[in-house]
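Have a look at the structure below before the remarks.
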Amino acid sequence: GINAEYGKQWYQRRVRGCAATSPSQPDSWLTGSYDHTVKLWDKRSGEVAATLDHGAPVEGCLLLPSGSMAISCGGNRIKVWDVHRPSGGPLAVLSNHQKTVSCISLDGTGTRLLSGSLDHQVKMYDLSTYKVTHSIKYASPVLSVGTTTSNSHLVVGCSDGVLNVRERPVGKDDAVKRPISAIKPGSFAYFARGKNIAPGQKDGIADSGAKRQKLSKYDQHLKKFQYTEALDSVLETRQNAEVVVSVLQELFRRDAMKSVLSGRNEQTLAPILSFIVRNVTDPKHCTVLVDVAHILTDLYSSVLGMSPAIDNLFERLRRRLQWEIKAQEQYMKLQGAMECIFSASGLE
């Protein structure tokens, strides 16, 4: 990247992200580059005021409204920085995505952070705790994300060329809210606020006498953070493929997949491999199952040959994937031939 005004080359790789100035720091702006650095600029002097090492090619960066904190994204991590103490390292590191985080932005209020990733996920974080509050999955990798100033619409751009717009309905009750500052926090009135307000026509009324639906065994294990037992349970009960893949996705989101698959014997490893062999060519599940197969290969390639049953399952998986690759190659050749025929005949 070249500073056109001063004619100096500040970056070794191309500049990927550029953040606008914050209201409190109108003379500062932020840039990020594929050389792993984020730079804070002072436009009065044209010099770099601070350099932050993100540790991976930077896909995006932004300044918070206060002007003293910056956020950068790159690799599968998001980092929060104090720009006045760049040598102190990041204040927080968020690693809730499985693949490269391609974009970040603030919501309309500036209190929540949105991130989009090549893992098809959009996540929303509370900036006061850096915890994920919402997560939405899309059909293709996410390249851009943003909201309107009123937070009524979420706009997401994906790699397949589709622009997704989600609308959050805003009712009359949301537009005007009564302040509760007059109620002292910690008092009984604060605890009981809203207790005697009659429900409106659009309010749902919970039936206290309704029987609670019992959680399935694998859901109970997930609730208790017993991830290995959750996976074994959903495989033992022979649930349909959608349920098993949903549990696998949840384990990926909780960054627990590698620990769940480690340390297994022949009896506990065989059900997982059998499920992958049966469903890996299903377009709905292949992305998740291929990722699981990669982890299993890394973990157990060194012990192949010690169990004929496990060796046979790995060999069946190899043949299944080889057959699928050949089939896809034939489909691509057929598609190319059809495009040539359509082009020659003048058909679109």
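Annotations for the structure displayed:
- Residue count for the range 57-81 under the criterion of being open to solvent by 40 Å² or more (accessible area, probe 1.4 Å) and modelled with pLDDT under 90: the result is 3.
- Residue pairs meeting the criteria (Cβ under 9 Å; at least 6 apart or on separate chains; first assigned to a helix (DSSP H, G or I), in the range 237-265; second open to solvent by 80 Å² or more (accessible area, probe 1.4 Å) and acidic (D, E)): K258/D298
- Condition met for T297 (farther than 22 Å from Y218 by Cα and open to solvent by less than 40 Å² (accessible area, probe 1.4 Å)): no
- Qualifying residue in the range 200-219 (condition: modelled with pLDDT of 70 or more, assigned to a helix (DSSP H, G or I) and open to solvent by less than 70 Å² (accessible area, probe 1.4 Å)): yes
- Taking the range 26-94 and the strands (runs of 3 or more DSSP E) fully enclosed by it, the elements with 1 or more residues that are over 27 Å from T109 (Cβ atoms) are at 28-33, 37-42, 47-53.
- When the range 84-106 is filtered for residues that are farther than 24 Å from I295 by Cβ and crowded, with 20+ Cβ neighbours inside 10 Å, the ones remaining, listed by number, are P90, C103, I104.
- Entry remark, the range 220-253: residues being more than 22 Å from S135 (Cβ to Cβ), modelled with pLDDT of 90 or more and open to solvent by 50 Å² or more (accessible area, probe 1.4 Å) number 2 in total.
The values are calculated or read from the model by the stated rules, or taken from the named source; none is laboratory data. Quick caveat, the model's predicted, so the values are computed rather than measured. Neighbour counts run over all protein chains shown; Cβ positions are idealised from the backbone, glycine included. We work out accessible area using only protein heavy atoms, side chains counted, and drop any ligands, DNA or RNA first. Shrake-Rupley method; radii C 1.70, N 1.55, O 1.52, S 1.80 Å.
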